[in-house]
Amino acid sequence: MNNTSVSPDKDFICSDDIRHHFSMAMSAMYQNEVPLYGDLVDLVSDVNAEVLTTHPDIKSQLLHTGEIERLSMERHGAIRLGTAAELSMMRRLFAVMGMHPVGYYDLAPAGVPVHSTAFRALDSHSLHKSPFRVFTSLLRLDLIADENLQQEATATLAQRQIFTAGVIELIEIFEAQGGLTTEQAEQFVQEALETFRWHDKTPVAKALYQRLLNQHPLVADVVGFKGPHINHLTPRTLDIDAVQQGMQARGIPSKAIIEGPPRRACPILLRQTSFKALQEAVGFKVANNSDASHEEYEQGHHTARFGEIEQRGVALTQKGRVLYDELLAAARRQLGATPNEDNAAQYNQILAEVFTAFPDDYQTLHEEELAYFYYQLTDSTLDSEDGQALLAAILTRDDLNKLPNAKLTALINDEVLRIEPIVYEDFLPVSAAGIFQSNLQEAQPSQYDGYSSQQNFERDLGAAIYDEMALYEAMQAQSLEQCLSSVSV
């Protein structure tokens, strides 16, 4: 695995630090652009403080996994790109910050004409230093049914440049010398921010914007603007239901449905909600303006940017994901409609009932190999020669990679090892589509049948996508290696 957090030269600032500084600068910029997001961050901070005070077991778990230190810095963002060239350069920009494409998400079957990946750090060390990730979508222009509109959209996107000359130069310097100096890194953060900044004047006429909007609101959001303004940032909460109630109590307009699994004693994967997207004033370029030296704009509105909240649980194995997908699909079939504000209570009840089939304690999740865990030595093992001897007798380097789950379970039952959940760092396509649809102006449920593939996305990206399952397996195996290296063999 390529660990970009290691500085290749003592004069270079490590990519983890660049990512951290960028995420903080992005958060400050977004709070300035969308003040309601600052209110959301305050609410999440209050809820997290209450959970840590009243639930010592959760605090202990976060201490054991090292997540307590990164909880307040937890952010993810989302952007939407229009062309393969933009996606490829964005990959190079994120690489400067130690962020790499992980996972492939096709949202077209859920009615959103994009496919996506998430740029993030790859290993536990880098994730603990800065867990910032960006869900990055590429618009599927081929799904625009109107050929004339598709051509106009393509031509419009071809005329824009979303990256500053300065950030491109710094990306090339990073690639040539293997890192950036402190001064270069500071300049990079400021130049990179410009790509994600909001522009209230558009390069398209209002009539074209309306045609794009009629095709799909997300098409208008991508094609109709100068750049991929960050459309939301996301703090991490330890109790998303409390945040949902808190938004309503504080007058923050919240989404009706919490996307993802139901509330559980042992959270799994990812639950998401948001405050509803804001209607923002924009100026549409006046077409056929006779005075080329003076651009004229027609006032209008656009709705796309919002504030999201996430609660993250344990990462599931392939077996666990299959069960999750089956249960989620069963709940939606039973509801017989797309979850919305009118059927929210009914859907939540169905979801809770259906998911009783998914084990809700970490021990069973481990025994049935449904989730990924860190293995750690218990305090009694660290303090006991007998415990270390038992562990050393069972864990040998020869059979470590093929150690039966039953042996690990026995060590856990004997309190030689303990397990702590590996937090899910990625996304869920159905949940992402649900968030997008609920925050797009006049969005209507739809479905696209056009062909898409990870291979095509990787071609446009200019690189292979990392398999998130392989990354979690590596994190789990590494924790076992660390246990072994801590005892005498």
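The values are calculated or read from the model by the stated rules, or taken from the named source; none is laboratory data. Here the structure is a predicted model, which is why all the values come from computation and not from measurement. Backbone-built Cβ (ideal geometry, glycine too); neighbour counts: all protein chains shown. What goes into the accessible areas is simple: the full protein's heavy atoms, side chains included, and nothing from ligands, DNA or RNA. Shrake-Rupley method; radii C 1.70, N 1.55, O 1.52, S 1.80 Å.
Quick one: count up the residues across the stretch 239-282 that are farther than 17 Å from GLY38 by Cα and in a loop (DSSP other than H, G, I, E, B).
Here the count works out to 14.
Just checking, does the stretch 296-318 include any residue being surrounded by fewer than 19 Cβ atoms within 10 Å (Cβ to Cβ), in a helix (DSSP H, G or I) and either of a type outside the set (Val, Ile, Thr) or in contact with a helix residue (DSSP H, G or I) (Cβ under 9 Å, 6 or more places away or on another chain) (or both)?
Yes: the stretch 296-318 contains one or more residues that are surrounded by fewer than 19 Cβ atoms within 10 Å (Cβ to Cβ), in a helix (DSSP H, G or I) and either of a type outside the set (Val, Ile, Thr) or in contact with a helix residue (DSSP H, G or I) (Cβ under 9 Å, 6 or more places away or on another chain) (or both).
Part of a loop (DSSP other than H, G, I, E, B) and in contact with a Leu (Cβ under 9 Å, 6 or more places away or on another chain): does that describe LEU122? Steps first, answer last, please.
On the way: part of a loop (DSSP other than H, G, I, E, B): yes; in contact with a Leu (Cβ under 9 Å, 6 or more places away or on another chain): yes.
Here the answer is yes, as LEU122 does meet what is asked.
When only residues in the stretch 7-53 that are surrounded by 14 or more Cβ atoms within 10 Å (Cβ to Cβ) and not in a helix (DSSP H, G or I) count, which is modelled with the lowest pLDDT?
SER7
Of all residues in the stretch 42-78, which are among the β-branched types (Val, Ile, Thr), more than 24 Å from PHE306 (Cα to Cα) and touching a helix residue (DSSP H, G or I) at 6+ places or on another chain (Cβ under 8 Å)?
VAL51, ILE58, ILE68
For the stretch 139-162, indicate whether the set of residues that are part of a strand (DSSP E or B) and in contact with a strand residue (DSSP E or B) (Cβ under 8 Å, 6 or more places away or on another chain) is non-empty. Before the answer, list the steps.
Initially, the stretch 139-162 is screened for residues part of a strand (DSSP E or B), giving 139.
Filter once more, so that each one left must be in contact with a strand residue (DSSP E or B) (Cβ under 8 Å, 6 or more places away or on another chain): 139.
There is at least one residue in the stretch 139-162 that is part of a strand (DSSP E or B) and in contact with a strand residue (DSSP E or B) (Cβ under 8 Å, 6 or more places away or on another chain).
Which residues, taken from the stretch 102-118, are assigned to a strand (DSSP E or B) and surrounded by fewer than 23 Cβ atoms within 10 Å (Cβ to Cβ)? Steps first, answer last, please.
Initially, the stretch 102-118 is screened for residues assigned to a strand (DSSP E or B), giving 102-106, 114-118.
Matches in the stretch 102-118: VAL102, GLY103, TYR104, ASP106, HIS115.
Could you give every pair whose Cβ atoms fall below 7 Å, whose first residue belongs to the stretch 408-430 and is free of Cβ contacts under 8 Å to residues at least 12 places away in the same chain and open to solvent by less than 30 Å² (accessible area, probe 1.4 Å), and whose second residue is outside any strand (DSSP E or B) and of a type outside the set (A, V, I, L, M), counting only separations of at least 6 or pairs across chains?
none
Can you find even one residue in the stretch 203-220 that is among the hydrophobic types (A, V, I, L, M, F, W, C), within 20 Å of SER23 (Cα to Cα) and in a helix (DSSP H, G or I)?
The first filter runs over the stretch 203-220 and keeps only residues among the hydrophobic types (A, V, I, L, M, F, W, C), leaving 204-205, 207-208, 212-213, 218-220.
Subset that is within 20 Å of SER23 (Cα to Cα): none.
There is no residue in the stretch 203-220 that is among the hydrophobic types (A, V, I, L, M, F, W, C), within 20 Å of SER23 (Cα to Cα) and in a helix (DSSP H, G or I).
Residues in the stretch 272-281: is at least one modelled with pLDDT of 85 or more, among the acidic types (Asp, Glu) and either under 23 Å from GLN349 (Cα atoms) or open to solvent by less than 50 Å² (accessible area, probe 1.4 Å) (or both)? Lay out the reasoning, then the answer.
The first filter runs over the stretch 272-281 and keeps only residues modelled with pLDDT of 85 or more, leaving 272-273, 281.
Next, from what is left, pick out any that are among the acidic types (Asp, Glu): none.
Among the residues of the stretch 272-281, not one is modelled with pLDDT of 85 or more, among the acidic types (Asp, Glu) and either under 23 Å from GLN349 (Cα atoms) or open to solvent by less than 50 Å² (accessible area, probe 1.4 Å) (or both), which makes the answer no.
Mind listing just one residue for me: the one in the stretch 368-394 that is surrounded by fewer than 18 Cβ atoms within 10 Å (Cβ to Cβ), of a type in the set (Ser, Thr, Tyr) and under 24 Å from LEU62 (Cβ atoms) and, of those, modelled with the lowest pLDDT?
Result: SER380.
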